[in-house]
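Data first, discussion second: the structure below is written as structure tokens.
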Amino acid sequence: MPNCPSNESNPVYEAYKKMFQYLYAMDYKIITDSRFVNENTFFFSPCLDKHVNKTREEYHDKKSKKINLCLIATRITPPFTVEFPADTFPKILPAFPFVLKNQYEQGGVEKFFIKNENQLQILKKFYKEINLYDREKRIEKLKKEYYYYPDLEFDENGKSNHVISVNLINYQKEFHENMVLQEYIKTPTKYNTSLRVLTSSSGDILAASLKYADDTSKTEEDYYGFFDRYLSNQASPYFLGSGSIISNTVAGGSSILLGRNDYSELEQEILIAHGINPNHATVPTKVRKASLAIAMQCAHEIGAICGLDFIYNEEQKSWKYLEEHEGPMLYSYAEKYHLPYSYEAEDFYTTHQLLDMEIRLHALVLTMQKKQSLVSNLGKKK
């Protein structure tokens, strides 16, 4: 449940409370300890229990292995991907152009297009120097804020001779834990495109849409991630100057919901270029099989729902798996069911959390319906 003080009114907290009270009244057993898990357990959210995984890395390793097995079984491959070792820049790299991305971020945050040797050298320089440079910038900022301490100094751990400390970031650790270098996939049409499939552990695709966006450089001056604030900032000595490769709705892209009855001329053109029939726009067979396999086989690690991203390789005329999000944005679902959902709305955070809960309940309902149907069919056979 959301961490909310009991003396404050919070619509999300109240909705969760009401939901759990209802489920309890319906004789569901609600557990928070994985030692009580059995074959009938429905995972409302990812199982991060300390009895299952002692570290974050152990959790991600288990999830990655399961996803890879599902991809192998359904013959969908990811782009060639290189992970960062613990203490060095990778020696084997994808061919130019390639992508540097934070594999745990969504919404287009921390994705960079590396097109040439010059940008690669800037990235290597950033990797080598950024810990010291970032430390100096943070200290410089604090000294300006606390100008009334003219003798303010910081040690190597970020502690000062006053009650002030600087939050030091180990960028090499961030590279190792979060960032990967990945083969760039050229998609059809002039747009950046990707297919988002919202799937449930009940074995259902709840919604799917083909995202597309213009290939334009990022112009915003809001920098969201540790890497974004330097690699995307023109005032930074590590500015890459790479164009946009994102197609996300939240980042300004457009969405073509699959399953609609009518599409514009442009939408039809984009769908056809991706091998999708506008007169019967459904999730491609291989993508569908991979999505359902991952959602069902990884229910323990992912929870009730997940957003799975795929990309169409124009040269090979085939789909490739990009990434998984256990806490996905919900534009496709909202569009399909005509629900209010706008990133620009003041109450978006609350709206998102409430809709997220609703969709997980949707997955639970579908799961129970299938279990009841199975029990009924077994009874008829007897």
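The values are calculated or read from the model by the stated rules, or taken from the named source; none is laboratory data. Everything quoted here is computed from the prediction, not taken from an experiment. Ideal geometry is used to build each Cβ from the backbone, glycine not excepted, and the neighbour counts take in all protein chains shown. Note: accessible area is taken over every heavy atom of the protein model, side chains too, but ligands, DNA and RNA are not part of it. Shrake-Rupley method; radii C 1.70, N 1.55, O 1.52, S 1.80 Å.
Converting phi to 3J(HN,Hα) with the Karplus coefficients 6.51, -1.76 and 1.60 and the offset θ = phi - 60°, the range 167-174 yields 7, 7, 10, 8, 5, 4, 5, 4 Hz in sequence order, with x at every glycine or proline. So what is the relative contact order for the range 153-217, in percent, with contacts set as C-alpha pairs under 8 Å and at least six apart? The value is 21 percent.
Working note: Karplus 6.51/-1.76/1.60 with θ = phi - 60° gives the range 52-61 the couplings 9, 10, 6, 10, 4, 5, 5, 4, 5, 4 Hz, where Gly and Pro are set to x. Scalar couplings 3J(HN,Hα) for the range 314-330, obtained by applying the Karplus form with A = 6.51, B = -1.76, C = 1.60 to θ = phi - 60°, are 4, 6, 8, 6, 8, 8, 10, 7, 9, 6, 10, 10, 7, x, x, 5, 10 Hz; x denotes Gly and Pro.
Ordering PHE42, LEU93, ASN233 by the projection of their Cα atoms onto the charge dipole of the chain, which places +1 on the Cβ of Lys and Arg and -1 on the Cβ of Asp and Glu, puts PHE42 at the extreme positive end. Extension gain, LYS141 to GLU265: 0.36 nm times the residue separation minus the Cα-Cα distance gives 39.5 nm. The residue among TYR16, CYS70, VAL52 whose Cα reaches farthest toward the positive pole of the charge dipole of the range 1-118, with charges on the beta-carbon of Lys, Arg, Asp and Glu, is CYS70. Residues of the range 79-109 with amide nitrogen under 20 Å from the 7 Å Cα-to-Cβ point of THR55? Zone members listed by number: 83-90, 103-104. For the range 98-176, GluC sites (Glu not before Pro) are listed when DSSP marks them as loop and at most 12 other Cβ atoms sit within 10 Å of their Cβ; the list is GLU153, GLU156.
Projected over every direction and averaged, the convex hull enclosing the alpha-carbon atoms of the range 95-171 yields 7.1 nm². Kirkwood's formula applied to the C-alpha pairs of the range 8-63 gives a hydrodynamic radius of 13.4 angstrom. Net charge of the neighbourhood of GLU177, taken over other residues with C-beta under 15 Å away and scored Lys/Arg +1, Asp/Glu -1, is -4. Annotation: per residue accessible area for the chain equals 57 Å², rounded to a whole number [probe 1.4 Å, protein chains only].
Within the same chain, aspartates and glutamates fewer than 8 places from LYS63 are excluded, and of the rest, those with a Cα less than 13 Å from its Cα are GLU301, GLU323, GLU324, GLU326. What residue among LEU258, LEU339, LEU206 has the largest mean-square fluctuation in a Gaussian network model of the chain, using Cα springs under 10 Å? Of LEU258, LEU339, LEU206, the Gaussian network model singles out LEU339 as fluctuating most.
Computed over the chain with a Gaussian network model linking Cα atoms closer than 10 Å, the most mobile of TYR191, TYR147, TYR263 is TYR147.
Near ARG35: Cβ cut-off under 12 Å, other residues only, Lys/Arg at +1 and Asp/Glu at -1. The net charge is -1. Taking amide H as placed 1.01 Å from N in the peptide plane, GLU323 has its amide H under 5 Å from the amide H of ASP309, each at least 5 places away in sequence or on another chain.
Using 0.36 nm per residue and subtracting the Cα-Cα separation, the extra length available between SER254 and TYR149 on full extension is 32.8 nm.
Here volume of the Cα convex hull per residue in Å³ was calculated from the structure, and among (i) 169; (ii) 194; (iii) 178 it sits at label (ii).
On the principal axes of its alpha-carbon atoms, the range 1-108 has extents of 57, 35, 26 Å, going from largest to smallest. Between the helical axis of 11-25 and the longest alpha-carbon principal axis of the chain there is an angle of about 40 degrees. Take the residue pairs LYS111/LYS173; LYS115/LYS289; LYS66/LYS186; LYS124/LYS190; LYS50/LYS370; LYS111/LYS211 and return only those whose Cα atoms are more than 25 Å apart. In this structure, LYS115/LYS289; LYS66/LYS186; LYS124/LYS190; LYS50/LYS370 lie more than 25 Å apart at Cα. Label positions at HIS176 and ASN277, each projected 7 Å from the Cα along the C-beta direction, are separated by 5.2 nm. Principal axis analysis of the Cα atoms in the range 220-338 yields extents of 49, 41, 35 Å, listed in decreasing size. Taking Cβ atoms as reference points and 10 Å as the exclusive limit, the residues near GLY303 contribute a net charge of -1, counting Lys and Arg as +1 and Asp and Glu as -1. Label sites at ALA73 and GLU344, each approximated as a point 7 angstrom past Cα along Cα to Cβ, lie 4.3 nm apart. List the residues of the range 156-188 whose backbone N lies under 17 Å from a point placed 7 Å from the Cα of GLU129 along the Cα-to-Cβ direction. What the label zone holds, given the 17 Å backbone N cut-off, is 171-172. For the range 270-309, the mean projected area of the C-alpha convex hull, equal to one quarter of the hull surface, is 3.3 nm².
The modelled label-to-label distance for the pair PHE20/ASP87, using points 7 Å beyond Cα in the direction of Cβ, is 4.4 nm.
Taking 0.36 nm per residue of sequence separation and removing the Cα-Cα distance, the LYS65/LEU48 pair yields an extension gain of 4.5 nm. Surface composition of the chain: carbon and sulfur make up 50 percent of the accessible area, probe 1.4 Å.
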